[in-house]
Ligand code: STR
């Protein structure tokens, strides 16, 4: 979030008027520096240890060094303790790095910490919080969330809808991947297209052929949003900066207006053909559940847009991480395929009902989400009342960041945390176990609303792919870089694979 701040500060394209402002700010800063000593973030007794701070800038000068936030916070936790505080500009922020404290924040006192800060970029994206993920905690939000959750269950577990959709999209994905022959290629575009297609079908019943212009448009604007949203840019810390020209913000606005035009069209089409019968898709389900005054069209639109963005980014990224790790660990891939051969065979498609018989595949998915969580620092929480973390009091309005990365890599709870080892999710008797420090979807009132849909989709995609093909490294190529690149999600850097069909 904030490691990029200093570099973005220096690269901001400033017009002359704002240059004056910056100089003025610098003068004020120097004045403060001369009259005040550096104060630690919180100097009250019993309060949370933290980084030093300056006026206006807060602790930002201590967050440089170029590390992405999840790694920076993990490093700072070694020095300041697993709960520490800092000021992101003027905002007092507590960072939580251990699973005990995360459980306090998310579960035990989940209600106290269920708020969301308002940010310039996400307010733009969600029309001031008319969505689920970034909206503050209010009675309307709870209602809205329940409706979305119920709509999801229409497509998820217990029905074959998602299965039918995924399986038909997997067919064309396989064909596309296999069409590359023995040539090494980047699997990202094909995987993203397949996942986008599934989500388009779920949300508004559209299915696209590869190369469809509307599909390309969707992928392009989505990518633009991913590159620009909630990335710890300065406008999200100092909202007044939005008055200055900002390339990132205008790109975001462009993408949002393309998105809105497309979704508004889908909404009108759906309204015109809506019936009382079974909902055809998420948009239908939302429209049917829309109580007159509470859920406005804006809410429906923002929910659909978010389900869309979240569904695409998280699923495709997780799949690409898992494939990257399988290239590093061919023995894991072989073991998954052996399990598939024994339990499903090659004559029929994998189905949801096979899930219980494929424990190792489940472990591979879990291990992928542990070692490279798509959201390494969860979406920021805020304290809605005075509360406490680890016995320290925390006052209302405090921002809380949960560093899932450090929890998923805590050497006290994970043996060799940097090793990709799906067996850690099996007990001695070969039964599945879920360790308490595994929280890839968060927990509590703000837990991911799409969790079961996501798990099902990952299962169907990965099982169908590995049943039909093997992934290997191109001849002489180095295995994929595993560092990743942090945007709004943690993505793998592009890498190449060779895909070979499996006999059968
Ligand atoms: C991706 C791009 C887009 O078009 C819309 C959204 C809104 C929801 C976001 C999503 C984003 C990125 C991943 C998020 C998701 C909500 C929950 C999910 C942040 C920006 C995670 O927490 C990983």
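Every read-out reported here was derived from the displayed coordinates using simple, explicitly stated rules and does not represent laboratory data. This structure is a prediction, so every number in the text was calculated from the model and none was measured. Positions of Cβ are backbone-derived with ideal geometry, glycine not excepted, and every protein chain shown enters the neighbour counts.
Points worth noting:
- A crude spin-label estimate for the pair residue 338 and residue 483, with each label 7 Å from Cα along the Cβ direction, gives 3.5 nm.
- Spin-label model, residue 127/residue 254: points 7 Å from Cα along the beta carbon direction are separated by 2.4 nm.
- Degrees separating the helix 69-80 axis from the principal Cα axis of the chain, which is the longest one: 50
- For 425, 73, order by how many other beta-carbon atoms lie within 10 Å, fewest first: 425, 73
- Averaged over residues, the count of other Cβ atoms within 10 Å places the peptides 154-165, 74-85 in the sequence 74-85, 154-165, highest first.
- Given R0 = 25 Å, the distance between the Cβ atoms of residue 157 and residue 426 translates into a calculated FRET efficiency of 0.65.
- In terms of surrounding Cβ atoms within a 10 Å radius of their Cβ, 242, 130 rank from fewest to most as 242, 130.
- Derived value for the chain: Kirkwood hydrodynamic radius 24.2 Å. Basis is the mean of 1/r over every pair of different alpha-carbon atoms.
- Degrees between helix 161-178 axis and first principal axis of the chain (Cα, 0 to 90, nearest 10): 80
- Compared with the dominant Cα axis of the chain, that is its longest principal axis, helix 297-328 is turned about 70°.
- Ratio of the Cα radius of gyration of region 293-413 to 2.2 N^0.38 Å, where N counts its residues: 1.49
- On the beta carbon distance between residue 274 and residue 223, with R0 = 51 Å, the FRET formula returns roughly 0.95.
- Taking 0.36 nm per residue of separation and subtracting the current Cα-Cα distance, fully stretching the chain between residue 100 and residue 75 would add 7.2 nm.
- With the alpha-carbon atoms of region 316-364 aligned to their principal axes, the span from lowest to highest coordinate is 27, 22, 18 Å, starting with the largest.
- Rg then Dmax, both in Å and based on the Cα atoms of region 95-145: 12.6, 35.
- Our compactness index for region 403-471, the C-alpha radius of gyration over the empirical 2.2 N^0.38 Å, is 1.31.
- Per residue, the chain reaches -15000 deg cm²/dmol at 222 nm when only DSSP H runs of four or more residues are counted, each adding -39500 (n - 2.57).
- Computed from label points 7 Å out along Cα-Cβ, the spacing between residue 183 and residue 150 is 5.1 nm.
- Largest to smallest principal axis extent of the C-alpha atoms in region 94-188, angstrom: 54, 32, 32
- Once the convex hull of all Cα atoms in region 459-504 is built, its volume per residue stands at 81 Å³.
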